[in-house]
Amino acid sequence: MTFAKSTSHHSSVQEVTAVSDWKPDTWKNFPALQQATYPDEDALAAALVELQELPPLVTSWEILALREQIAEAQAGKRFLLQGGDCAENFNECSSSLITNRLKVLLQMSLALVHGLQMPVVRIGRFAGQYAKPRSSDVETRDGVTLPSYRGDLVNSVEFTEQARVPDPRRLIQAHSISALTMNFVRSLVDGGFADVHHTEYWDLSWLEHSPLADEFHKLTDSLSQSLRFMETITGRDVGSLRRVDFYTSHEALHLHYEQAQTRQVPRQWGWFNLGTHFPWIGMRTAALDGAHVEYFRGIRNPLGIKVGPGMTRDWLAGLLEVLNPQREAGRIVLIHRMGESKIEEHLPGLIHAVQETGSPVLWISDPMHGNTESTPDGTKTRRFSKIMHEMELAFDIHRANNSRLGGVHLELTGENVTECTGGARDLSDHDLKRAYKSTVDPRLNYEQSLEMAMQIVRKHSQPS
Ligand code: PEP
Ligand code: CO
């Protein structure tokens, strides 16, 4: 993973002062939703002391470089691509899964760079995406009630008493596995990925099944031509020309874990969460007087905020005031996740509310979380057509309201899973049984992800 070298001058990120009355643990004075209840508090305290001493996963200069990129995206000069698993699992920290996930994200970003004619901010939902919010603290099966699975950071998914007890050693394990993931990602993007730049090596067999095959072939052909042209004029393999920037993100849900990674660094003021570049606040924990907002207020990382249909104009304006009182560029990304049937009703008012504050934000669309449904046999799925429809509406609504959709947030994998239906191969509910691997939300597979990137290019280039 490589990053812009110099952070000594940040043209668009102005100097501001640190927040007062804040420490990494002041969140404890506020109601904290979605936290694990550990039976052994001493064991939790011991794990947190250990975690605090471990080296960080990212650095402050990487975080500030990302803020700079987000500021550029806010100015309309970049598009943001954020994607990865709904939840990572400890037992899926493998070479091939990491490679394939990174590959699909890089291929998508190449298609976007070429199709949108602008640089892309690349952010993975990985190396720390181990905690999940749940609608209930407990789960009951066949008359047995156990604590809900809250992600590998907290407990284990098996439905046994032992597996579901929150185990603080998992906090250390999550940090280690995140570090292993980061280490491999950094090596891969540092030069091992030349073949991603050659569309001949992409798996495009699905294209033949798409009604838009001709249009998509034109896109990949023109991408190949540009890449070949670059190689010809520079005389070098395009994969080695420029090392790519890649950043990490996760939902900062488990506040003890986040606090332990919140550090001060030499020659910088304030505090950084050094467990990830880009933490986000989930929909269920964005209360203005809640512990999560208190925690996020004091860190200098750029922040994502999920914005669902329940968000009100005053609430959103309040969040911007608390989380970005000095209206710094590059600080806030609003990730709306309305559902295709609700976005037209809810988004315009929120766009106006933000415009009235005058606070700079980057709006991106998460077309996944508002479109989750269950098949008649109870399998969680999402329909490609609805995901795409929400994304298309998002582009239109921003355009019509003097705003801009500046990115997307997707749950995806580089594997050929069958979790979302539809797409070029038109997967049916019946296909879901074949390769359904997610323990939480259904993800776009390799082909559906590439198709989504091409659809974004197509939509973006259409006149409104
Ligand atoms: C998620 O991104 O996996 C998630 C839980 O999203 P939301 O908070 O938007 O429901
Ligand atoms: Co999810």
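Summary of computed values
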quantity	calculated
Sequence of Cys86, Cys93, Cys420 once ranked by neighbouring C-beta atoms within 10 Å, starting from the fewest	Cys93, Cys86, Cys420
FRET efficiency, 1/(1 + (r/R0)^6) with R0 51 Å, evaluated for Val49 and Ser385 via beta carbons	0.55
Relative contact order (percent, whole number), the chain, Cα cutoff 8 Å, 6+ residue spacing	22
Antiparallel bridges, percent of DSSP beta bridges restricted to the chain (to nearest 5)	20
Efficiency of FRET from Cβ geometry, Glu321 and Asp190, R₀ 30 Å, rounded to 0.05	0.15
Compactness index (Cα Rg / 2.2 N^0.38 Å), the chain	0.94
Within-12-Å neighbourhood charge of Val307 [Cβ basis; K, R +1; D, E -1]	+3
Extended-chain gain in nm, criterion 0.36 nm per residue less alpha-carbon gap, His217 and Leu116	34.7 nm
Straight-distance crosslink candidates among lysines, where the alpha carbon sits under 19 Å from Lys218 and sequence neighbours closer than 8 are dropped	Lys459
Charge tally in the Cβ shell below 11 Å around Phe79, where Lys, Arg are +1 and Asp, Glu are -1, Phe79 excluded	+3
Cα gyration tensor shape of segment 199-271, rounded if a/c is under 1.5, else prolate or oblate by comparing a/b with b/c	oblate
Trypsin sites (Lys or Arg not before Pro) within segment 194-258, DSSP loop, no more than 15 other Cβ atoms inside 10 Å	Arg236, Arg242, Arg243
At 0.890 mPa s and 25 °C, Stokes D of segment 398-457 from Kirkwood alpha-carbon radius, µm² per second	193
Distant-in-sequence amide H partners of Glu251 (H built 1.01 Å from N, under 5 Å)	Trp280
Fraction of the pair-distance distribution of segment 54-180 above 19 Å, Cα-Cα pairs, percent	61
Computed over segment 53-177: relative contact order in percent, which uses C-alpha pairs under 8 Å that are six or more apart	22
Ile456, Ile177 arranged by Cβ crowding within 10 Å, fewest neighbours leading	Ile177, Ile456
Cα-Cα pairs of segment 336-406 separated by more than 16 Å (percent)	48
Dimensions in Å of segment 47-100 - Rg and Dmax from alpha carbons	16.0, 43
The chain - mean residue ellipticity at 222 nm from DSSP helices (-39,500 (n - 2.57) per run, n ≥ 4, rounded to 500)	-12000 deg cm²/dmol
Projected-area mean, segment 344-464, by convex hull of Cα positions, square nanometres	8.2
Among Gln69, Ser96, Thr59 - extreme Cα towards positive end, dipole of segment 30-101, charges at beta-carbon	Gln69
Net dipole in debye of segment 385-464 [+1 Lys, Arg Cβ; -1 Asp, Glu Cβ; about Cα centre; nearest 20]	180
Kirkwood hydrodynamic radius of segment 16-91, Cα pairs, Å	17.1
Longest site-free stretch - the chain; sites: GluC sites (Glu not before Pro), DSSP loop, at most 11 other Cβ within 10 Å	159-464
Between segment 206-223 and segment 366-393, the Cα center-to-center distance that results, in Å	24
Overall Cα dimensions of segment 161-252, principal axis frame, Å, largest first	56, 37, 21
Nearest-0.05 FRET efficiency for Thr232 and Arg313, computed from C-beta distance (R0 60 Å)	0.70
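Taken together, the values in this text are just the output of simple stated rules run on the coordinates, not laboratory data. From a predicted model like this one, the values you see are computed outputs, not experimental measurements. Note that each Cβ is placed from the backbone with ideal geometry, even for glycine, and that neighbours are counted across all protein chains shown.
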